[in-house]
Structures are given as structure tokens and as C-alpha cells.
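These notes concern the structure reproduced below.
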Protein chains: 2
Amino acid sequence: MNLKNDLLLRTLRGEKTERTPVWMMRQAGRYLPEYRALRGKYSFFERVENPELATEITIQPIDSIGVDAAILFSDILVIPRAMGLEVQLIENEGPLLPHPIKTADDLKRICVPDVLDRLHYVMSAIRLIKKTLDGRVPLIGFAGAPWTILCYMVQGKGSKTFDEAKAFCYRQPELAEKLLQMITDTSIAYLKEQVSAGADAIQLFDSWGGLLSKPDFEQLSLKYMRQIVEELKGETEIILFAKGSWYALKEMKQTGASGLGIDWCIEPHMARSLAGPDITLQGNFDPAKLLAPSARIKEEVKQMLQAFGKGRHIANLGHGILPNVPVDHARIFVDTVKEQSSLL
Amino acid sequence: MNLKNDLLLRTLRGEKTERTPVWMMRQAGRYLPEYRALRGKYSFFERVENPELATEITIQPIDSIGVDAAILFSDILVIPRAMGLEVQLIENEGPLLPHPIKTADDLKRICVPDVLDRLHYVMSAIRLIKKTLDGRVPLIGFAGAPWTILCYMVQGKGSKTFDEAKAFCYRQPELAEKLLQMITDTSIAYLKEQVSAGADAIQLFDSWGGLLSKPDFEQLSLKYMRQIVEELKGETEIILFAKGSWYALKEMKQTGASGLGIDWCIEPHMARSLAGPDITLQGNFDPAKLLAPSARIKEEVKQMLQAFGKGRHIANLGHGILPNVPVDHARIFVDTVKEQSSLL
């Protein structure tokens, strides 16, 4: 099916576009009243595992905010769950994995699963979303980067430092390698199926990459993201988003990814000089700035667009949209990108 | 009184030293059994406000680990408390300010206090620590950077994003400026008294600087740290540590500070190239790496020392030592710096 709006894909391929495409991480989320309504009725995994609900949620921000891409409503922790680890998602608190991986014995409790069997509901959702979108905008599929998934599988819950996950890797490097490879193999199979089901592009989220030093990032994160890009890049466009890992932009570019997400703590010109000219950058509005008055949002979006310049830029936040952002402010962000980027 | 070990001060002044000085952020903390023993007996503010207890705790890591500097045992939140805001410190949970600043009316509840009156216990502690240290090592005094203090005064508790603190600054910029200036004025008076009481150097902790974009960091943080350095730099050596704010190293250097703290997410050569040659860098071992086996700690400390090179370096962690670090591993860190840096 032909896309009516393919700005995102053309930008990822480095082609000329009439304006900058825009979407927002967590755009299908709690700031939307129509999402909160479903959240009151269904548990998190009900919303994720029911293709009709996932479709409805995925499409909400397309209708409501007018973004240029849909992103699959799901969670990065479907992977540890499919690998055999119990994952609970406690509303307003975050994930809890009551039996985390600590030893070689623990590793025997998990496997590289048949993703079509364990994650069939994701592919059903993708097919239904594509059908419902009817070519309005492309659909982005996603997975967590292996390092970020390991963080949860080992630490068992959110953490400011993920020191237990790091200690696991430092103390049992062979075990860590084995676990990271299992996550990687699962993710490759999973993402290939997402593409087969209809995902037009893929984003890898390395939410906790920025907790690592550059040498550790190379060894514990990038090594595995590189394998994923290698396996996927002939089939789709891939965006790598390693929050805080500005120091590895050059190396991430060299994986062959089409785009790199950046957060607001690196200036666009610095990111460009580190990543080089031949790659699309995505970002980097401070999510908290959507809490500012609307005139300031408009002004700063304009500044951001000018800083990135024409082409090779996907406008986005530097992290997920916050639940307390007024819907109007999200719209102002999107509308200002659309208006101002056509003037660049 | 002459210092028997003035490695830290000479390094901050850019003088030649026989080896690299070493201390650790939060070195007087929970990883030490002798600290945990006092923690079981006295509440946090008892430990902070009793000069004998603060002295005992400050000196514990000098005796136990052999670091080259003592740092005053206190807390950055003594400042909001002295300004008239209630601060609770809940063990294992963090700070709680039950009546945070949200409006212009709230600002009337606080003031720039007479620091000698409200924080006399800190100066008493400093005098007693200096007397007890008897010149063994220098004593570092400290305060939180105004931005980080505002974060707690407005958000009222710890946060991953401090979005309410940011929203306050974006929505009420004049109020934010007024509050930041009140914190700055209080901090200047406070730090001058610390120096008068005997502190040999001062560190400003901007724990949440790294949540800001570069333009916001300039406006909400650096502008006020600059005033503090300006007022103090004739009287003492000042180290600025803005965790995550690698992008402003050059501008922080230009304040006239003697040293800049860096975390492990920036490589030493990159920090040096951003900050320039004429300033001491402090850091930047990943605190979680002290959970690694001892051979790996030794190897990586050696690599860190080589990366910083000879001179103009104070060995430290890139953030506070974690409570679950074995005391032996903290000793290995310190001992390896001492041994290996003399070979540089």
C-alpha cells in the first residue's frame, strides 16, 4: 500500500522533503485523555496484547495531534516476557521482574523463543494498525536495545544507576555476553517479523545506554545493536536512540543505521559534527519544555529547527512526552514544526 | 596550620605533585560499617547538626581508606532549611520538602538568612574537624549549586526529570530568577563562612545540571555558579561538579574555578579538549565499577590515570560511592591511584 505521507521514510533515506517530519516518543500515552480512558478500563498487558486496543491506542495521536508517523503501542519488556521471565507492570510505579537473572542457573529458566508463537499478538496488532491507518502515515516498530533489556532482566526493576545490572556484567562477563546474545537473537527475529507484518521503520530504544562509559557502551550495548542493524538494514530503515550516549554518535552512525535519536543535552550542531553529514538526526526538544507557555514552545521549536537546518532531521522530543503535558501544547509542538520547517 | 598532605590544593593550583591526589564523593557514607553504626543510633539531621558526630563521620574515610582529602559531612539541603523551608530526610528514601515553593506567595515564606545564626553548627563542625585532622589532609567544604537546590525547593522531592521545577522556571521566569538569586546569596555567605572556619577548598555540586539543555544550563545554573565563583575565588580553590553537563565544560572553566568534576560518560581526553589545558579535572571512575572484581578495578584505575595523564588531575569517582561497595574495593581504588600515579 502506498503511503500518503512518507516524509519520515524519505528523511531517513536522505531524500529531499518539503518539510521536516514530526512525531513524539510516547505519543500514545497518558497525556491523551482518550488513552487515559482506556487505561482506566484495561490493564497494561491487556492493552498491549489485544490487537484492537493496541491499534486504537497507536492511532489516537495520529487523529488527535497530527503527527507524521505512528509508533506501535507496546512495551520493550514483551521481550523478557517472551523469553520466559515474569514481568509485572505496576501502574504509576513501573516494571517489576520478581525473579531476575543473577546466576548461570537463572539463565536456564529462559530461552530464545519462537517469536511468532510468543509475540503473535504484536504482529496481529501491526497488521491491524496498517490496515486501519490505510497509508495515512508510516508505522514505526520498535524494541529495546539488548543492554536496556538486560538492565531490567538483572536488576528486576527500575533504578537510577542499574548498579546490580552493571555488577552482573563486570563480575560474570561470560554470562552477560550469553544473556545479551540471547536478547539480541530474540530481538532480531522479533524485529524481522515486525517488518514482515508491515512496520515501515524500526527504532531501537537504549534508554540506559547513557549510564555506561564509552568503552562499556561499546562492549555491552553497541556490539549487540550493531548485529541488529546488520540483520535488519537491508529490509527497513533503523533509528538508534541511546539516551545520553552522545559520546558514541560516530560509532552508532557507522553501524549503518538510517537515523540517530539525540536528547536535548547535546546541541544539534555538536551532534551533527560527531555523527557526520550522511545520517538523519532525530530529536531533541526537552519534554519538560512542553510545560512552558505556548509562545515559548513556538519560539524554541523554531530555534531547534534552525539549529538542525534543512533536511536530514526528524523533529521529536529528546525523550518520551510527560503525562502532565497539556494536549494543546503537544499540538503546538507538532503544528510549529509543520509551519516553520517549510520555511527553512 | 601547615598541611602535611597538600596534594589536592597543589593540584588545584596547577603545581607539580609527586602523585595524583585521590578522594571519593560520599566517601563518608553507607559503604563504611563505622558510618552505618552511627546511622543506626542518630537521625540524619542529628548526624549533620552535631559537630562531634559530623567530625567523627568526616574523618572515618581518612582513617579507614586513606584518601587525600576530607569532605565535610553535611547535606546540600541545609540551605533550603536555613532559608525557612521544612526539609525531611527519610532514610533509604531521600528528601521530602512537604511545602515546596510554587507561587510568589510561597516565596514570602523564605528568606536569605543570617548563615552564622542558622548554620552555626556547620562552622563549629569545620573548626572541630580541622583541629582533629591536625593537618593530615585538607578539608573540602561544599554547597549545592543554586539550580539543584531550586529543584528540591520546587519539586519537593527527588525526581527523574524534575519537570515541575523546570515548569516553574519556564512559566514564572522572574520568580525563578528571584529564588535562584536568594539561594545564591545565601550560598555565597555560607561558603565564605566555611572558608573562614577553615575549609581549604570548596566544591559546588550541581547534581541536576545535566537535566538541562545548554541554553537552560547557562540561564538557570551557570549564571549563579559564576557569581559564587566570582565571590569566592580570591579566598579559596573552587571545584565545580555539574553531573552530566559536559557540554558546558568550557563555560565552567571560564568562571575562574580551579577544578571541574566530570562523570564517567565523558572520556578524559574529550573533557580536556573542551575545558582547555589550564584547569584541573576531577573524576571520573564509574561508581558501579567498584563492584567489579579487584583485578578489574586495578586495571581500569590504571587506564583512567593514563587517560588523564600527569598533573592537573584529582582522582575521584564520577558520582557518589554506592552503599553496596565493599570497603576493600574502595581501598583498592585509593591504593591503586597512589601506586600507579607516581609512575606516570
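The values are calculated or read from the model by the stated rules, or taken from the named source; none is laboratory data. Computed from a predicted model, the values in this text were never measured in an experiment. Note that we place each Cβ from the backbone using ideal geometry, even for glycine, and neighbour counts take in every protein chain shown.
So the values come out like this:
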| item | result |
| --- | --- |
| Sole exception among (1) surrounded by fewer than 21 Cβ atoms within 10 Å (Cβ to Cβ); (2) polar (S, T, N, Q); (3) touching a residue at least 12 places away in the same chain (Cβ under 8 Å) for A:N92, by number | (3) |
| Subset tally (residues that are within 14 Å of A:D75 (Cα to Cα) and more than 18 Å from the chain's Cα centre (by Cα)) for the range A:22-43 | 1 |
| Filter result (aliphatic (A, V, I, L, M), touching a helix residue (DSSP H, G or I) at 6+ places or on another chain (Cβ under 9 Å) and either free of Cβ contacts under 8 Å to residues at least 60 places away in the same chain or surrounded by fewer than 15 Cβ atoms within 10 Å (Cβ to Cβ) (or both)) within the range B:280-335 | B:L281, B:A288, B:L290, B:L291, B:A292, B:I297, B:V301, B:M304, B:A307, B:V327, B:I332 |
| Residue in the range A:2-21 that is within 19 Å of the chain's Cα centre (by Cα) and closer than 28 Å to A:C151 by Cα present | no |
| Search result, residues across the range A:309-332 that are away from chain B (no Cβ under 14 Å) and more than 19 Å from the chain's Cα centre (by Cα) | A:G309, A:K310, A:G311, A:V327, A:D328, A:R331 |
| In the range A:200-252, the residues that are in contact with a Gly (Cβ under 6 Å, 6 or more places away or on another chain) and of a type outside the set (A, V, I, L, M, F, W, C) | A:G210, A:S221, A:K233, A:K243, A:G244, A:S245 |
| Enumeration of residues in the range B:253-270 that are within 11 Å of chain A (Cβ to nearest Cβ) and among the charged types (D, E, K, R) | B:D263, B:E267 |
| Answer residue from the range B:151-171, given it is among the polar types (S, T, N, Q) and in contact (Cβ under 8 Å) with a residue 40 or more places away in the chain and is surrounded by the fewest Cβ atoms within 10 Å (Cβ to Cβ) among those | B:T161 |
| Residue check, B:A330 aliphatic (A, V, I, L, M), out of contact with any strand residue (DSSP E or B) (no Cβ under 9 Å at 6 or more places or on another chain) and either closer than 22 Å to B:Y31 by Cα or not in a loop (DSSP other than H, G, I, E, B) (or both) | yes |
| The one condition in (1) over 19 Å from B:L150 (Cα atoms); (2) free of Cβ contacts under 8 Å to residues at least 24 places away in the same chain; (3) not β-branched (V, I, T) that B:A125 fails to fulfil | (2) |
| Conditions (1) hydrophobic (A, V, I, L, M, F, W, C); (2) buried (at least 24 other Cβ atoms within 10 Å of the Cβ); (3) more than 15 Å from the chain's Cα centre (by Cα); (4) under 22 Å from B:M123 (Cα atoms); number of the one not met by B:A199 | (3) |
| B:I62, sole failed condition from (1) within 26 Å of B:S258 (Cβ to Cβ); (2) out of contact with any strand residue (DSSP E or B) (no Cβ under 6 Å at 6 or more places or on another chain); (3) part of a helix (DSSP H, G or I) | (2) |
| Qualifying positions in the range A:227-247 - within 17 Å of A:R312 (Cβ to Cβ) and within 14 Å of chain B (Cβ to nearest Cβ) | none |
| Tally of residues being in a loop (DSSP other than H, G, I, E, B) and either modelled with pLDDT under 95 or of a type in the set (G, A, S) (or both) across the range B:120-151 | 2 |
| B:I140 vs. criteria surrounded by 24 or more Cβ atoms within 10 Å (Cβ to Cβ) and either small (G, A, S) or more than 12 Å from chain A (Cβ to nearest Cβ) (or both) | no |
| Residue list for the range A:208-226, restricted to those being surrounded by fewer than 21 Cβ atoms within 10 Å (Cβ to Cβ) and either away from chain B (no Cβ under 14 Å) or within 21 Å of A:G320 (Cα to Cα) (or both) | A:G210, A:K223, A:R226 |
| Number of the condition not met by B:T55 [criteria: (1) closer than 30 Å to B:I90 by Cβ; (2) touching a strand residue (DSSP E or B) at 6+ places or on another chain (Cβ under 8 Å); (3) not in a loop (DSSP other than H, G, I, E, B)] | (2) |
| B:K250 touching a Ser or Thr at 6+ places or on another chain (Cβ under 6 Å), away from chain A (no Cβ under 11 Å) and of a type outside the set (S, T, N, Q) | no |
| Residue tally, condition more than 11 Å from chain B (Cβ to nearest Cβ), in a helix (DSSP H, G or I) and under 21 Å from the mean Cα position of the chain (by Cα), over the range A:271-300 | 2 |
| Test: residue in the range B:18-31 that is under 24 Å from B:I239 (Cα atoms) and among the hydroxyl-bearing types (S, T, Y) | yes |
| Failed criterion for B:R109 (all others in (1) crowded, with 16+ Cβ neighbours inside 10 Å; (2) in contact (Cβ under 8 Å) with a residue 12 or more places away in the chain; (3) charged (D, E, K, R) hold) | (1) |
| Checking A:L204 against (1) within 12 Å of chain B (Cβ to nearest Cβ); (2) under 19 Å from the mean Cα position of the chain (by Cα), the condition it does not meet | (1) |
| Residue under evaluation A:E18, criteria (1) under 15 Å from A:K338 (Cα atoms); (2) charged (D, E, K, R); (3) touching a helix residue (DSSP H, G or I) at 6+ places or on another chain (Cβ under 7 Å), criterion not met | (3) |
